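The values are calculated or read from the model by the stated rules, or taken from the named source; none is laboratory data. Treat the numbers as computed from the prediction; the structure is a model and nothing was measured. FYI the Cβ positions are ideal-geometry reconstructions off the backbone, even for glycines, and counts take in every protein chain you see.
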Amino acid sequence: DTAVSQTPKYLVTQMGNDKSIKCEQNLGHDTMYWYKQDSKKFLKIMFSYNNKELIINETVPNRFSPKSPDKAHLNLHINSLELGDSAVYFCASSQDLWGGDEQFFGPGTRLTVL
Amino acid sequence: GQQLNQSPQSMFIQEGEDVSMNCTSSSIFNTWLWYKQEPGEGPVLLIALYKAGELTSNGRLTAQFGITRKDSFLNISASIPSDVGIYFCAGQLGQLMKTSYDKVIFGPGTSLSVIP
């Protein structure tokens with residue numbers, strides 16, 4: 001019954017590897033997001049998709065490629081992982097794009113790059 | 001770009017005390033949001049504010065949308081141990097302008113610790 005779910009919860013990998021994080025929402029929302037939270041807890045938006053269409057791409061290195069196979073899923077693939085990619089990645093969803101809609105966050109994926 | 005500042009950065013208080021924290025911006029927002037993040041979890045929305053001057057309560061929490069639209073305040077009364085977490089303010093322009101999307105900007109957070 002989890003509203004926004006992410007897998008895996010923890011991801012430990014070597015530099016240079018490629019990894020994916022999956023996100024699913026069962027709220028029937030149109031919009032999904034990926035956020036990165038660094039070690040200082042600062043939350044920064046990376047991508048936003050609305051009805052499978054990319055809306056926001058926040059100057060994220062092109063090693064990061066989101067994919068939305070349908071409205072309920074937004075996956076994040078990361079190529080050639082670097083040490084600086086270590087962070088907690090949150091998926092979120094909202095009813096639509098417009099102001100003030102509550103964003104529901106997933107539990108996060110803690111990525112550690114060694 | 002737009003940035004939000006939150007103060008204090010962290011707080012240690014005794015159980016039962018009231019808490020005040022604020023959020024300021026150099027530019028205006030039409031929506032202010034307050035989220036709470038508990039350890040190991042994602043942020044959860046506490047209060048949403050849509051109108052300058054608006055004062056909204058959610059249980060022991062009260063938040064206000066500043067008149068200038070450049071700030072917001074969150075108060076917690078009679079704190080309890082489960083109030084522990086990081087409180088994020090967030091602002092968004094988009095409420096009044098549905099012709100274009102404007103992303104939500106998060107502040108750096110206020111870390112709250114409650115001593116029983």
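Being of a type outside the set (Gly, Ala, Ser) and farther than 13 Å from A:TYR89 by Cα is the filter here; which residues of the range A:13-31 pass it?
Narrowing the range A:13-31 to residues of a type outside the set (Gly, Ala, Ser): A:13-15, A:17-19, A:21-27, A:29-31.
Of everything in the range A:13-31, those that are of a type outside the set (Gly, Ala, Ser) and farther than 13 Å from A:TYR89 by Cα turn out to be A:THR13, A:GLN14, A:MET15, A:ASN17, A:ASP18, A:GLU24, A:GLN25, A:ASN26, A:LEU27, A:HIS29, A:ASP30, A:THR31.
Go through B:PHE65, B:PHE73 for me and flag whichever is within 15 Å of the chain's Cα centre (by Cα), within 14 Å of another protein chain (Cβ to nearest Cβ) and more than 25 Å from A:GLY106 (Cβ to Cβ).
Values: B:PHE73 fails: within 14 Å of another protein chain (Cβ to nearest Cβ).
Answer to the check: B:PHE65.
More than 12 Å from the chain's Cα centre (by Cα), under 25 Å from B:ILE47 (Cβ atoms) and free of Cβ contacts under 8 Å to residues at least 24 places away in the same chain: is that true of A:ILE56 in this structure?
Details: more than 12 Å from the chain's Cα centre (by Cα): yes; under 25 Å from B:ILE47 (Cβ atoms): yes; free of Cβ contacts under 8 Å to residues at least 24 places away in the same chain: yes.
Against the criterion (more than 12 Å from the chain's Cα centre (by Cα), under 25 Å from B:ILE47 (Cβ atoms) and free of Cβ contacts under 8 Å to residues at least 24 places away in the same chain), A:ILE56 qualifies.
Out of everything in the range B:98-114 that is more than 7 Å from every other protein chain (Cβ to nearest Cβ) and farther than 17 Å from B:PHE65 by Cβ, what residue ends up being modelled with the lowest pLDDT?
It comes out as B:THR99.
Of all residues in the range A:67-101, which are surrounded by 15 or more Cβ atoms within 10 Å (Cβ to Cβ) and either at the interface with chain B (Cβ under 10 Å from one of its Cβ atoms) or closer than 18 Å to B:LEU33 by Cα (or both)?
A:VAL88, A:PHE90, A:CYS91, A:ALA92, A:SER93, A:SER94, A:LEU97, A:TRP98, A:GLY99, A:GLY100, A:ASP101
Looking at this structure, is B:PHE88 at pLDDT 95 or above, within 10 Å of another protein chain (Cβ to nearest Cβ), touching a Phe, Trp or Tyr at 6+ places or on another chain (Cβ under 7 Å) and buried (at least 22 other Cβ atoms within 10 Å of the Cβ)? Working first, answer last.
Numbers: at pLDDT 95 or above: yes; within 10 Å of another protein chain (Cβ to nearest Cβ): yes; touching a Phe, Trp or Tyr at 6+ places or on another chain (Cβ under 7 Å): yes; buried (at least 22 other Cβ atoms within 10 Å of the Cβ): yes.
Yes, satisfied.
In the list A:TYR10, A:TYR49, which residue meets the criterion of being of a type in the set (Phe, Trp, Tyr) and within 26 Å of B:GLY91 (Cα to Cα)?
On the way: A:TYR10 fails: within 26 Å of B:GLY91 (Cα to Cα).
Every option except A:TYR49 fails the conditions.
Among the candidates B:PRO8, B:PRO43, B:PRO108, single out the residue that is in contact (Cβ under 8 Å) with a residue 40 or more places away in the chain, exposed (fewer than 14 other Cβ atoms within 10 Å of the Cβ) and not polar (S, T, N, Q).
Criteria check complete, one pass: B:PRO8.
Keeping to the range B:12-40, report how many residues are closer than 21 Å to A:GLN37 by Cβ, assigned to a strand (DSSP E or B) and small (Gly, Ala, Ser).
1
May I ask you to list the residues in the range B:46-75 that are among the hydrophobic types (A, V, I, L, M, F, W, C) and surrounded by 14 or more Cβ atoms within 10 Å (Cβ to Cβ)?
Those that are among the hydrophobic types (A, V, I, L, M, F, W, C) and surrounded by 14 or more Cβ atoms within 10 Å (Cβ to Cβ): B:LEU46, B:ILE47, B:ALA48, B:LEU49, B:ALA52, B:LEU61, B:ALA63, B:PHE65, B:PHE73, B:LEU74.
Filter the range A:9-24 down to the residues that are aliphatic (A, V, I, L, M) and part of a strand (DSSP E or B), then identify the one that is surrounded by the most Cβ atoms within 10 Å (Cβ to Cβ).
Checked the range A:9-24; the qualifying residue surrounded by the most Cβ atoms within 10 Å (Cβ to Cβ) is A:ILE21.
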